Amino acid sequence: MSPRPLGRKIAAVSSGLIVALSLAACTTHPSPEVAVRSFLLAWQDGNHAEAARNTNGDPEEVERALTDAHDQLDLASIRFDLGRISTEGGSATAEFGATADLGIGDPVWNYTGEMSLTNGPSGWLIDWSPSVIHPDLGEGERLAVSYEIEERGQILDRSGEPLVSADSVTAFGVLPADMEDKEAGVTELAELLDEDPDPLLNRVRSAPPEQFQPLVLIRDADNALMREAGNIAGVDTQEVEVNLSPRVAPFVLGEVAGTAEHRVSSRVAGPYQAGDTVGLSGLQNIFQQELAGTATTQVVTLGDDGEQTDVLEAWEGVRSGGIETTLDLATQNAAENALESLPGDGYVVAVDTTNGEVLAAANASGSAADDGAFTGAYAPGGTFTMVSALAALDTGAVTADSPMPCGFQSEVGDQVFTNPSNGFLAENPTLVRNMTYLCTVGFVDIAPEVGPEALTEAAARLGLGADWQLPLPVSSGTVDIDDDAAELASAMVGDHGVQVSPLAMALAAGAVADGSWHGPTLVREEGPAPAGSTELDEAHLETVREGLRDAVSLRIPEVNVGEEQVFGQASRTEQDGTALHWFVGYQGDVAFAVLAEVDPEMSQWQQYAVTAATSFLDGLANGTTVGDESLAAEDPAPPADLPVEPGLEGEQGAEADLNGN
C-alpha cells in the first residue's frame, strides 16, 4: 500500500488548516473543527509546543509526549486527514486518519485516531491523554518499532550441499535503555567503527529500549576494539553466525556486505536497516531479496518495565530462502584444485553436455571480482579447429576421407603461416590427422574453400557469438571474419576475428559431444537460456570427435585419465603479450575448457592447460588431484611437449606434436 495519493490529499487539507489556524491563532477556538484542525496541523508540522496549546493538558507534558512519539517511531513524516466530528452539548468527538512514514526501509503506518473535546472558558480544547496519539496507547506506555530479521539463506549446489559458510562474526550493537545519550553514544560507536552514524541512529531511536540492537557486523574483531566499544554507555557485542563467505567459486557466489570492512552504509543504496546483510556481487547480489528476505516489522507498545504490552500494527516479512544452483561441489573442488599449479591467472569451466548446466566455474586468482571464466575475451588458437573442421565438412571443402595436405608453411597475402613446431605431415593426411597433430597450415590452406560465412555459421551453431545469457554477466564470444584472405586463414586457427570465453568453449565442446548445443543454466529456477536451432550434422560431428579422440590418445595421452575416453584439443597462442594455453574437450557427460595465462618466457616446455586438465580429470575420477610436487615439478617429462625437429618427414614426423604440445 502506498501513502502517496493520500499524502497529496492531506496536503490540500493542510492548506485549509493553515487558513483556519491563522484566523484562530489569537482567539479561543469557536468550534471543535477549528480546534482539531489547529492541533493536527501543529502536530503534523512538528510544532509540538503549539499543538500542546490546543489541549487541556499540561503543555510541557503534551509537548514531551508528542516529541517522544516522533522519536520512538523514528518518523520521517506524519500526515493527517480530518474525519467525522460529532458534537453533543459541550462535548465533541473527532476522528482523524494518520499516515506515519516510519522511514527508509520501513513501511508506512496508516491508522484511525480519535480524540474527545470539551468546550470551556478558553473555547474548544482537546482532552489530553496518551490515547490521542493512538487509541490503544495507555498511561505509562510508550511506542516502539520492533524488527525480526530473517537469517540469510543459503546458496546450494545441485545436490543441496551448502556453498556458503556460516561465519562467526561479532555484532556491535546497543541496548538503548542503557544509553545516557542515544545520539552521542551511537555517533561515538559509528566513529570508532568508521561507519555513517545516521542509519545506525535511525534504528536505535525507534527500537524497543530493552532489546539488543545489532548495528555493525565485524569478522575477526580484536579484543582491543571490543573493549573500546564496551566503554561507551549502552554498547555491547554478541557473537552471531551469518552465511557470508563462499566455500567455492567466489566470483559466482559473490560477496556479502554487513561487516564494517564492507562499509554497507556508504556502498549500498537501498532500503536497508543497519545490521542487514546485502549481496554486493554475484548470485548474492542478483538474488538478494530471496536470500535476505525482509524483516517482520511491528509497531508495539511497551510498559514501564520495557515489556511489550500490545502490537498495534504488523507487517509480515518475506522469509529468506535457498537458491539451488547447477554447480556440483565435487566438480567445483576438482576445478579449483587443478588451477593451483598455474604460474599465473587461469580458469576452468565445466558443463553438462546433455543440458548445458554449469557444473563448475573456477579462477586461479580466487578473487570475487575475477569473472574472466564467464566474460573473458580470448583468442582460442588451435582449439578453434573443432569449429573449422565442422565448417570444412559442412561446405565440402574436405570430406572425412579426402586428403588434406599439411605442409611446412603457407603464405597467404602478406602473412606466412608456419606450424609452431616447424614440422609437417607426410603421406596424404586427412582432416582427422590434421586435428590429431594440430596442423595449423593444413587448416590455413583450406580457408578459401570454407569461406567466412560458413565459418561464422558453424561457430554460431556451437553457440559462439550467439545470443544467450545467465543471471551473471557472460560473453558468448565474438566471431567477426571478413573476406581478407590472410585474416580468414588466421581465423581458421582461432588467431583473428575470434574471441571466446572459457564458458563459451566448454559449451561448444558440449555441443560436439551431445550433437546439440544447449543454452547454459546456472540457477535451476531461472531455467536455461533460449537455444536456437543447432542443425549439427551427426556424420560430420563423428569425424570431429574422431580427431579430438586421437588428439588425446596419440598426442597428449597424459590427459586420458579415468575409465572413459577423453576427447579434446590443446593449443597455445599469444594475445597482448601473454601466452594463452588452452585445453578444450569432454569426457562422458562433462565438457570443459581450461585456460592458463602464462608469461611467454615460461612456456617453452610445459603446457599448463594440459597439466591442469589432467589434474581436473584426476579429481573427477578419484576425488583427489595430482599432488603439488608433481604438478610443480621443475623438470617435467618432455615427450608430449618437445617440438618436432625441422625437416622431419614420414610417420615419425606425423606422430610428433606439431604445436609444441
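Read the figures in this text as sums done on the coordinates, not as results from a lab. Quick caveat, the model's predicted, so the values are computed rather than measured. Cβ atoms come from the backbone with ideal geometry, glycine included; neighbour counts cover every protein chain shown.
Calculate the dipole size of segment 155-324 relative to its Cα centre from +1 charges on Lys and Arg beta carbons and -1 charges on Asp and Glu beta carbons; express the result in debye to the nearest 20. It works out to roughly 700 debye.
Tell me the relative contact order for segment 155-324 as a rounded percent, counting alpha carbon contacts under 8 Å between residues six or more apart.
Details: 320 pairs, mean separation 42.0, N = 170.
Rounded, it is 25 percent for segment 155-324.
Applied to segment 398-406, the Karplus parametrisation 6.51 cos²θ - 1.76 cosθ + 1.60 on θ = phi - 60° returns per-residue 3J(HN,Hα) values of 9, 10, 4, 10, 6, x, 9, x, 10 Hz, with x for Gly and Pro. Just so you know, the Cα atoms of segment 326-376 work out to an Rg and Dmax of 10.8, 33 Å. Converting phi to 3J(HN,Hα) with the Karplus coefficients 6.51, -1.76 and 1.60 and the offset θ = phi - 60°, segment 125-131 yields 10, 6, 6, 7, 6, x, 5 Hz in sequence order, with x at every glycine or proline. Remark: relative contact order (segment 436-586) = 21 percent; criterion is Cα-Cα distance under 8 angstrom and separation of 6 or more residues. Could you please report the charge total around A362, scoring K, R as +1 and D, E as -1 over all other residues with beta-carbon less than 11 angstrom from its beta-carbon? Net of charged neighbours comes to -3.
Can you figure out the FRET efficiency of S245 with T296, using R₀ = 22 Å and their beta-carbon distance, to the nearest 0.05? After rounding, the FRET efficiency stands at 0.25.
Here is how the number arises for the chain: DSSP H runs of 4 or more residues each give -39500 (n - 2.57), the sum is divided by the residue count, and the result at 222 nm is -9000 deg cm²/dmol.
Using a 10 Å cut-off around each Cβ, can you sort V416, V441, V62 from fewest to most neighbouring Cβ atoms? Working shown, then result.
Numbers: V416 10, V441 22, V62 25.
Taking fewest neighbouring Cβ atoms as first place, the list is V416, V441, V62.
For G317, the amide hydrogen comes within under 5 Å of the amide hydrogens of T296, T297, counting only partners 5 or more places away or on other chains and with H modelled in the peptide plane.
Please order M226, M435, M115 by the number of other Cβ within 10 Å, starting at the fewest.
Details: M226 15, M435 29, M115 24.
Going from least to most buried by this count: M226, M115, M435.
Scanning residues 5 or more positions from C406 or on other chains, those with amide H under 5 Å from its amide H are L425, with H placed 1.01 Å from N in the peptide plane. By definition, a body whose alpha carbon gyration tensor gives a ≥ b ≥ c is oblate when a/c is 1.5 or more and a/b is not larger than b/c, and segment 155-324 fits this oblate description.
Could you give me the percent of Cα pairs per 10 Å distance bin for the chain, shortest bin first, beginning at zero and ending with the bin that holds the maximum distance? With a bin width of 10 Å, the distribution comes to 3, 14, 19, 15, 11, 10, 9, 8, 6, 3, 1, 0, 0. Normalised Debye scattering of segment 390-457 at q = 0.12, 0.14, 0.17, 0.18 Å⁻¹ gives log10 I(q)/I(0) of -0.29, -0.39, -0.58, -0.65, counting only Cα atoms as equal scatterers and leaving out solvent.
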